[in-house]
Each structure stands twice: as C-alpha cells, then as structure tokens.
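For reference, the structure discussed in these notes is given below.
The values are calculated or read from the model by the stated rules, or taken from the named source; none is laboratory data. Given the structure is predicted, the values throughout are model-derived calculations rather than measurements. Cβ placement follows ideal geometry from the backbone for every residue including glycine, while neighbour counts extend to all protein chains displayed. All accessible areas refer to the heavy atoms of the entire protein, side chains included, with ligands and DNA or RNA removed. Shrake-Rupley method; radii C 1.70, N 1.55, O 1.52, S 1.80 Å.
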Amino acid sequence: MSEQTKQEMEVVERLEDIPAFATEDEEHRYWATHTLSKVLLNQMGPVDDGFLPPPRPRTKPVPIRLIDDIIQRAKVLAAQRHIGYQTLLKEFVIERLYEEEKRAGLR
C-alpha cells in the first residue's frame, strides 16, 4: 500500500468506532477505506492459544471428469458467490449427500 493510499484512508482511533457488519462484503468495503491507528495496533497483543478455530480436516484430491459446459456453469455461479468453482462443487456434493442420507434415514 502506498503512502498516498494510507493517507487517504480514514484512521480508526477507538474500537468502539468500528460498526457491526451485516455481511463480509460490507466489512470488506469498510476496511478498504479505513485503517486502525498505530496506537490501537500497539495495544493489541498476541492472539491467545486456542483463540483460532482448529484447522480444517485435510482433503483428498479425487479425479472427476466433467464436460466443459458443467464447469463453465459452475464457474459462473461461483463467481456470483465470490468463491472458487471447486469449492462450489464441493458444497453441492455435501448438500446432496446430506439430502440423500436424510432420505435414507441415516440422518
């Protein structure tokens, strides 16, 4: 970030001045134009152990062949949701598995 960009950003001096955000997009827009003051940054200490959530379970790559049309359609939907198309496809598989397990009485 250039010095000029830093100077143009509004500096937040108190944590109380940070609004509650309804969406991540709203928060992203806010932090694109605001920054924390050096005083606030210096007051913040290291994050306590156990504060962060546990890492996600490791995934296993699985080859799957899809026609180009399906991949393109997934990319369009994923772009609208601001996620990767592979993430979208994983979400679809998880949702469908849940529905099928529910139908089979497994959930």
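Side notes on the structure shown:
- Residues that are more than 29 Å from GLN80 (Cβ to Cβ) and either at pLDDT below 90 or touching a Leu at 6+ places or on another chain (Cβ under 7 Å) (or both) within region 16-36 are absent altogether.
- Residue count for region 9-20 satisfying the condition of being open to solvent by less than 90 Å² (accessible area, probe 1.4 Å) and part of a strand (DSSP E or B): 2.
- Residues located in region 79-99, provided they are hydroxyl-bearing (Ser, Thr, Tyr) and surrounded by 13 or more Cβ atoms within 10 Å (Cβ to Cβ): TYR85
- Options PRO57, PRO61; residue that is at pLDDT 90 or above, within 25 Å of TYR85 (Cβ to Cβ) and open to solvent by 100 Å² or more (accessible area, probe 1.4 Å): PRO61
- Filter pass, LEU52 being open to solvent by 70 Å² or more (accessible area, probe 1.4 Å), in contact with a helix residue (DSSP H, G or I) (Cβ under 8 Å, 6 or more places away or on another chain) and among the aliphatic types (A, V, I, L, M): no
- Filtered by the rule that a residue be of a type in the set (Asp, Glu) and in contact with a Leu (Cβ under 9 Å, 6 or more places away or on another chain), region 48-107 gives a lone residue, GLU100.
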